Each structure stands twice: as structure tokens, then as C-alpha cells.
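Below: the structure, in C-alpha cells.
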Amino acid sequence: GNDTLVGNVFEVLKLVNIASEVKGYAQISPEVIVERNPQYIISSYGDIFSTDPAFAEVLAIKNRAVFVPNEDYLSVSGPRFILGVEEMAKLIYPGIFK
């Protein structure tokens, strides 16, 4: 949800969070992911999306835009948090970091 550290990163990077109405780190259903058809998927469960045929038509899957961020950076607010923000920015906006 938007009330999480990762939600804050989405806001900083100007990304739309398809789980914005979720409180905390609750999961959203596969049906919601398919229905909202995100351009990117950022999840610690990246392999699930690429192997489950239910997600085959999702834009992020078609474009191979499923990213698994380093949880050591984004799970706790601390000095390494900015490294997680940078990592996500590089994944989403690679042209800026050439």
C-alpha cells in the first residue's frame, strides 16, 4: 500500500501503485494484478509472475519488466534505504543512469 516504505519509493519515483488502497504490506489478488495490467511489477516474488500462465497477458510480463528489489535495502528505513531507491530508479528509468 501507499502507507509503506515501498509505497513512499513509488511516490518519489512518480509510479502508480496498483495496491494503493491496501493497508500495509497485505497482498493483492492475482485477479487484481491481471485486471489493472501494470507496466512494471516490483515484488519479492518475481518468479511467480513469469511462470504462472494466469499472468501471461499482463503488460509487465510481456515486456519482462518484473523486478525483484534487494529487500535488505527497502525493508527497513535506514542508511541503506537510499540504495533501494536508487536500485528501483535504475530499473524503471535506465536511460537516466547510463
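All of the numbers you see were taken from the coordinates with simple rules; none came from a lab. Every value quoted in this text rests on a predicted model; they were computed, and no experiment measured them. Methodologically, a virtual Cβ is constructed for each residue, glycine included, from the backbone with ideal geometry; neighbour enumeration extends over all protein chains shown.
Annotations for the structure displayed:
- Computed over the chain: relative contact order in percent, which uses C-alpha pairs under 8 Å that are six or more apart: 22 percent
- A Förster radius of 22 Å combined with the Cβ-Cβ distance from I82 to I28 puts the calculated FRET efficiency at roughly 0.25.
- Here's how it looks for F67: its modeled amide H is under 5 Å from those of I41, I42, S43, which are all 5 or more places away or on a different chain.
- Under 23 Å from K23, Cα to Cα: lysines that are on another chain or at least 8 residues apart: K14
- Global geometry of the stretch 1-43, whether rounded, prolate or oblate, following the gyration tensor of its Cα atoms and the 1.5 cut on a/c: oblate
- Reducing the stretch 1-41 and the stretch 70-98 to their Cα centroids gives an inter-centroid distance of 16 Å.
- The overall shape of the stretch 5-97 is prolate: from the C-alpha gyration tensor, with semi-axes ordered a ≥ b ≥ c, the ratio a/c is 1.5 or greater and a/b exceeds b/c.
- Computed over the chain with a Gaussian network model linking Cα atoms closer than 10 Å, the most mobile of P30, P38, P79 is P79.
- Charging the Cβ of each Asp and Glu at -1 and of each Lys and Arg at +1, and nothing else, the dipole of the chain about its Cα centre rounds to 360 debye.
- Length added when fully stretched, D52-F97, from 0.36 nm per residue minus Cα-Cα: 13.0 nm
- Positive-end extreme of charge dipole, the stretch 21-98 - chosen from S50, S29, A65 (charges on Cβ): A65
- Model label sites at L59 and S20, defined 7 Å from Cα along the beta-carbon direction, differ in position by 1.5 nm.
- On Cα atoms only, tilt of 81-92 relative to the major axis of the chain in degrees: 40 degrees
- Other residues within the sphere of radius under 12 Å centred on the Cβ of I42, judged by their own Cβ, net out at -2 (K and R +1, D and E -1).
- Computed FRET value (nearest 0.05) for K90 with V68, which takes r as the C-beta separation and R₀ as 22 Å: 0.95
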